[in-house]
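K.L.:
Okay, handing you the structure first.
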């Protein structure tokens, strides 16, 4: 039992670092539990199309647990970047496949922006906002040109969705990242 407790103990030095590590671990665990619940729902409702979905979920779950473990042993920045980038790629792939109106993923990209603002700080949050904006503009343009065959396109993707999402991502990064910076400065540990 003592070995289990020692294994689960966070290896961060300061209270702020422990909070950041816990944030990464809880976010990774939350994503895993949401994924597990979704796959279970598909199994129970008969909507599961392939066992490869279960296999992919297991692989993704192992990646999430590995990222959580990195945070636990003190590699907080690395784990936060990996988790933010992993989630970003999955969201971008979903938007590329289903478009802006058939998928909620374009607005769900707020998660990596807010997560990075809390786990990494204001500047990384602005980088994630910039990345999201660029990718959404590129996807909207690619859809307008018919380069993404599976994706539905509407003219509002370039005239409304991409600009609105850009504003949304940057406002979130500024609000949450600014709050995080002010809070950590108050604690005497600027990020």
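K.L.:
Please indicate, with yes or no, whether at least one residue in the stretch 41-56 is over 16 Å from the mean Cα position of the chain (by Cα) and closer than 21 Å to residue 24 by Cβ.
P.N.:
The answer is no; no qualifying residue exists.
K.L.:
Could I ask something else about it? Hey, among 176, 113, 95, 89, which residue is over 20 Å from residue 17 (Cα atoms) and crowded, with 19+ Cβ neighbours inside 10 Å?
P.N.:
It is 95.
K.L.:
A further question follows. Checking residue 61 against (1) closer than 16 Å to residue 25 by Cβ; (2) in contact (Cβ under 8 Å) with a residue 40 or more places away in the chain, which single condition isn't satisfied?
P.N.:
Of everything listed in (1) closer than 16 Å to residue 25 by Cβ; (2) in contact (Cβ under 8 Å) with a residue 40 or more places away in the chain, residue 61 misses just condition (2).
K.L.:
Report yes if residue 123 is in contact (Cβ under 8 Å) with a residue 40 or more places away in the chain, surrounded by 15 or more Cβ atoms within 10 Å (Cβ to Cβ) and within 30 Å of residue 70 (Cα to Cα), otherwise no.
P.N.:
For residue 123, the condition - in contact (Cβ under 8 Å) with a residue 40 or more places away in the chain, surrounded by 15 or more Cβ atoms within 10 Å (Cβ to Cβ) and within 30 Å of residue 70 (Cα to Cα) - is not met.
K.L.:
Pick from the stretch 138-164 the residues that are within 17 Å of residue 89 (Cβ to Cβ) and in a helix (DSSP H, G or I): which of them is modelled with the highest pLDDT?
P.N.:
Only one residue tops the list, namely 138.
K.L.:
For residue 121, state whether it is at pLDDT below 90 and either more than 16 Å from the chain's Cα centre (by Cα) or at positive phi (or both).
P.N.:
No; evaluated as a whole, the condition is false for this residue.
The values are calculated or read from the model by the stated rules, or taken from the named source; none is laboratory data. Predicted model only: the values in this text are computed from it and were never measured. Positions of Cβ are generated from backbone atoms using ideal geometry, with glycine treated the same way; all protein chains shown enter the neighbour counts.
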